[in-house]
Amino acid sequence: MNAKQGADASLRRQPTDEDTDHTSPGSRNGQTGRILRLLQLLMFNECTRKDVFERLAPYYKIDPVAPDAQNGSRKADRTFERDIEFLEEQGFELKKVKTSEKSIRYSLMKGSGPRVPLLFTPTEVDGLALLYNMFADPTRYAQIDPTQPLPMQSPGNPFTEEILSLIEKFVTALPPEQRGQFDRWVRKPFVYFNLSTVTNYLPCRATINSIVQAILNRQQIQFEYTPIRREQAMIFHERIDPYYITYMEGHFYLIGYSHKTNQFLEYRLDRIKTESLKQQPNMIDVMRRRRPIEFRFWIDGDIARRGLSQRWLTQVEEREEAYLDEQGKEHRRVLVRATAYSAWRVIQQMLKYGDKAELVDPPHLREQMKATIQRMAKYYQ
């Protein structure tokens, strides 16, 4: 029975004299107050009828010392049975377990109750399915063909379970037609857009929770950090002001300010030793702002026309010029001025451009780029 049918049924059955008692505790209407109390009781407890009568005696007019106690008990039984029937008509699912004493223990099924269809448009339902597929494994319902592999979703996103569970709760409230539309999109995605992680970040959930708590408390933290080269000793970081956690290129990073180096650093969460992470007594004294790095680089004109990387905070094309390559062929290049937070990420992006880009300034960043290329060149000598 759906919510509308349940509501119609409740309107057809008028309250009896046993239902209504304007003097019952907690409510002007005896039936309303009694039903609400019964709901609260069964939502968090598993109770027999006797348990209900003991806890809600005033609502069921039970007085064991009254002369007509036996008659009153029969009235309470009938009222209780009508209350259970009423709850089921409204869409609540009741778990009924028989005990060894031949009594029944009642409890409310989690998540049950009246449901009103959400007023989603077809486009919004498609958007809900797309959001679901961002975290779900697209191969869950598809037949896997080794010769034509589908994009795999890594199980390592620490927020996957919560987000999928939340979306599934929304879906249960959709009308049948829209649930079918959602299922079709999920079972056979047309857009593979997954927030997969490079490595498994599920074990980092405790780390995330601890960092978030420190941010809320405005407390400095300390932790041991695994260096890039695993054979090196753990690096101890203390007096770190945690600011926020961000997701970049398949990894989760803590953005924090180091009082030792007086600069903002990016700490990859999977390299933070969880058991070493502790809040320090020192408070974050002031909210600092990350200072962007301004840099300039030449980029091949064809790449610039197709669209520059959107990884930078800002970027401006300063000028375009022609030049001759080693074979005397003319090309065009564009000088770009941009800003970013991380020098390391600037160099990484320049490396992706290969010989199609040249980092110009600032001089210290150009020297870092030069040293990186020289180290790479040694691998091929």
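Could you check region 338-368 and list, in sequence order, the residues that are part of a strand (DSSP E or B) and under 36 Å from the mean Cα position of the chain (by Cα)? Before the answer, list the steps.
Applying the first criterion (part of a strand (DSSP E or B)) to region 338-368 yields 338-340, 357-361.
Matches in region 338-368: Ala338, Thr339, Ala340.
Which residue, of Tyr244, Tyr257, is surrounded by 13 or more Cβ atoms within 10 Å (Cβ to Cβ), closer than 30 Å to Pro227 by Cα and touching a residue at least 12 places away in the same chain (Cβ under 8 Å)? Let's see the steps before the verdict.
Working: Tyr244 fails: surrounded by 13 or more Cβ atoms within 10 Å (Cβ to Cβ).
After applying the criteria, what remains is Tyr257.
Could we say that Lys329 is exposed (fewer than 13 other Cβ atoms within 10 Å of the Cβ), outside the structural domain of Leu265 (by TED's automatic domain parsing) and closer than 27 Å to Met248 by Cβ here?
Details: exposed (fewer than 13 other Cβ atoms within 10 Å of the Cβ): yes; outside the structural domain of Leu265 (by TED's automatic domain parsing): yes; closer than 27 Å to Met248 by Cβ: no.
It is false that Lys329 is exposed (fewer than 13 other Cβ atoms within 10 Å of the Cβ), outside the structural domain of Leu265 (by TED's automatic domain parsing) and closer than 27 Å to Met248 by Cβ.
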Original post:
Is it the case that Thr261 is farther than 21 Å from Phe159 by Cβ and either out of contact with any helix residue (DSSP H, G or I) (no Cβ under 6 Å at 6 or more places or on another chain) or modelled with pLDDT of 90 or more (or both)?
Top reply: yes
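So which residues in region 30-47 are among the β-branched types (Val, Ile, Thr) and touching a residue at least 24 places away in the same chain (Cβ under 8 Å), if there are any at all? It would help to see each step written out before you state the result.
Within region 30-47, the first condition is being among the β-branched types (Val, Ile, Thr), and the residues that meet it are 32, 35.
Answer for region 30-47, where residues must be among the β-branched types (Val, Ile, Thr) and touching a residue at least 24 places away in the same chain (Cβ under 8 Å): just Ile35.
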Original post:
Which is loosely packed, with under 14 Cβ neighbours inside 10 Å and either within 18 Å of Val198 (Cβ to Cβ) or not hydroxyl-bearing (Ser, Thr, Tyr) (or both), of Glu266, Glu238, Glu249, Glu294?
Top reply: Glu249
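For every residue, the table says whether it meets (1) modelled with pLDDT of 90 or more; (2) closer than 20 Å to Gln349 by Cα; (3) among the aliphatic types (A, V, I, L, M); (4) under 26 Å from the mean Cα position of the chain (by Cα).
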site	(1), (2), (3), (4)
Glu249	no, yes, no, yes
Phe252	yes, yes, no, yes
Arg268	yes, yes, no, yes
Ile272	yes, no, yes, yes
Ile284	no, no, yes, no
Arg288	no, no, no, no
Pro292	yes, yes, no, no
Original post:
So which residues in region 111-126 are modelled with pLDDT under 80 and of a type outside the set (Val, Ile, Thr)?
Top reply: Gly111, Ser112, Gly113, Pro114, Arg115, Pro117, Leu118, Leu119
Subject >> Out of Lys273, Lys260, sole residue that is basic (Lys, Arg), assigned by TED's automatic domain parsing to the domain that holds Ile221 and either touching a Lys or Arg at 6+ places or on another chain (Cβ under 8 Å) or closer than 18 Å to Ile215 by Cβ (or both) >> reply: Lys260
Original post:
Quick one: what pairs do we get from region 336-352, first residue in contact (Cβ under 8 Å) with a residue 40 or more places away in the chain, second polar (S, T, N, Q) and part of a strand (DSSP E or B), C-beta under 6 Å, 6+ apart or different chains?
Top reply: Val336/Gln315; Ala338/Gln315; Thr339/Thr314
**OP:** Give the residue, chosen from Ile215, Ile221, Ile211, that is free of Cβ contacts under 8 Å to residues at least 40 places away in the same chain and either farther than 12 Å from Arg271 by Cβ or not small (Gly, Ala, Ser) (or both).
**Re:** Ile215
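Condition first: of a type in the set (Lys, Arg) and closer than 24 Å to Met248 by Cα. Now tell me which residues in region 332-355 satisfy that. Steps first, please.
Start the filter on region 332-355 by keeping residues that are of a type in the set (Lys, Arg), which leaves 332-333, 337, 345, 352.
Answer for region 332-355, where residues must be of a type in the set (Lys, Arg) and closer than 24 Å to Met248 by Cα: Arg337, Arg345, Lys352.
The values are calculated or read from the model by the stated rules, or taken from the named source; none is laboratory data. Nothing here was measured: the structure is a model prediction, and the numbers come from that model. Note: ideal-geometry Cβ built from the backbone for every residue, glycine included; neighbour counts use all protein chains shown.
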